[in-house]
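The values are calculated or read from the model by the stated rules, or taken from the named source; none is laboratory data. Model, not experiment: these values are computed from the prediction. Cβ placement follows ideal geometry from the backbone for every residue including glycine, while neighbour counts extend to all protein chains displayed.
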Amino acid sequence: MPFILASGSPRRRELLATLGITFTVTKSDIDETQRAGEAPLDYVRRLSIEKAHAVAAKLSESALVLAADTVVILAADTMGILDGEILGKPVDADDARIMLQRLRDRGHIVCTALTLLQTGASTRQLTRLTQTEVIMRDYSDAEIDAYITTGDPFDKAGSYAIQHEGFHPVARIDGSYTNVVGLPVETLKSLLDEIGYTVE
């Protein structure tokens, strides 16, 4: 059965490839606008489900479709992540700078929703959320500016990559490292086990 990754993210492709799975990539191209009053966790779960179904609708044969959506959630000191603010991808350098300054020397939550959709005669859908607490280090404004000039922040939720070798923005995490990169491998393995898909 063909395995399809419903994401154009190079980081997700790299992480999925580490499992030895042969897959193709098909982007979903859905509207990713957050609905009025929609909680961050509901939003990320909905997007992963909609992405999976949008790609499945393009297929003419049975397949296994994996969709993912990752958000950075900055909670106010008096609120939990259910009421938190989603930090998306920056629109420009100024937006990236503001996000990185807001994240500096404090914690936030990275949440990825994975949806595994098996199409065909026995359609089956599994969706799981993975959350990681991330504490950023106290980097300087000069470090932020140097990082922005690399161009790395512009396709990243929250304007950073945990794995960036020059910036190293993260002090510590509590939870899955691969979740912060964009594809929680541990969660994916569990989903694949649940549907009986063998990873070599």
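Name the single residue that is farthest from the chain's Cα centre (by Cα) among those in the stretch 137-177 being polar (S, T, N, Q) and surrounded by fewer than 21 Cβ atoms within 10 Å (Cβ to Cβ).
We begin by selecting, within the stretch 137-177, every residue polar (S, T, N, Q); these are 140, 149-150, 159, 163, 176.
Okay, now just the ones that are also surrounded by fewer than 21 Cβ atoms within 10 Å (Cβ to Cβ), so 140, 149-150, 163, 176.
Numbers: S140: 26, T149: 23, T150: 21, Q163: 14, S176: 12 Å.
By that ranking, first place goes to S140.
I'd like to check something: does the stretch 80-89 contain any residue that is out of contact with any helix residue (DSSP H, G or I) (no Cβ under 6 Å at 6 or more places or on another chain), modelled with pLDDT of 95 or more and either under 24 Å from D42 (Cβ atoms) or of a type in the set (A, V, I, L, M, F, W, C) (or both)?
No: zero hits.
Exactly one of these conditions fails for G151: (1) at negative phi; (2) without any contact (Cβ under 8 Å) to a residue 12 or more places away in the chain. Give me its number.
So G151 meets the others, but not (1).
Only one of P169, P184 is touching a Phe, Trp or Tyr at 6+ places or on another chain (Cβ under 7 Å) and at pLDDT 95 or above. Can you tell me which? Break it down into steps so the answer makes sense when it comes.
Values: P184 fails: touching a Phe, Trp or Tyr at 6+ places or on another chain (Cβ under 7 Å).
Just a single option satisfies the conditions, and that option is P169.
With respect to I98, determine if the residue is β-branched (V, I, T), buried (at least 16 other Cβ atoms within 10 Å of the Cβ), farther than 30 Å from M1 by Cα and free of Cβ contacts under 8 Å to residues at least 60 places away in the same chain. Before you say what the answer is, go through the steps one by one.
Values: β-branched (V, I, T): yes; buried (at least 16 other Cβ atoms within 10 Å of the Cβ): no; farther than 30 Å from M1 by Cα: yes; free of Cβ contacts under 8 Å to residues at least 60 places away in the same chain: yes.
For I98, the condition - β-branched (V, I, T), buried (at least 16 other Cβ atoms within 10 Å of the Cβ), farther than 30 Å from M1 by Cα and free of Cβ contacts under 8 Å to residues at least 60 places away in the same chain - is not met.
Condition first: acidic (D, E) and within 20 Å of R104 (Cβ to Cβ). Now tell me which residues in the stretch 166-197 satisfy that. Give the derivation first.
Quick first cut of the stretch 166-197, residues acidic (D, E) only: 174, 186, 193-194.
The answer is D174, and nothing else.
Looking only at the stretch 139-185, count every residue that is in contact with a Ser or Thr (Cβ under 6 Å, 6 or more places away or on another chain) and over 16 Å from I98 (Cβ atoms) and tell me the total. Even if it seems obvious, please write down each step before you answer.
Taking the stretch 139-185 and keeping what is in contact with a Ser or Thr (Cβ under 6 Å, 6 or more places away or on another chain), we get 153, 157, 173, 175-176, 179-180, 182, 184-185.
Narrowing further to those that are over 16 Å from I98 (Cβ atoms): 173, 175-176, 179-180, 182, 184-185.
Final tally of qualifying residues: 8.
Can you go through L19, L41 and tell me which one is surrounded by fewer than 20 Cβ atoms within 10 Å (Cβ to Cβ), touching a residue at least 40 places away in the same chain (Cβ under 8 Å) and under 13 Å from the mean Cα position of the chain (by Cα)? Step through it out loud before you land on a result.
Values: L19 fails: under 13 Å from the mean Cα position of the chain (by Cα).
When all the criteria are applied, what remains is L41.
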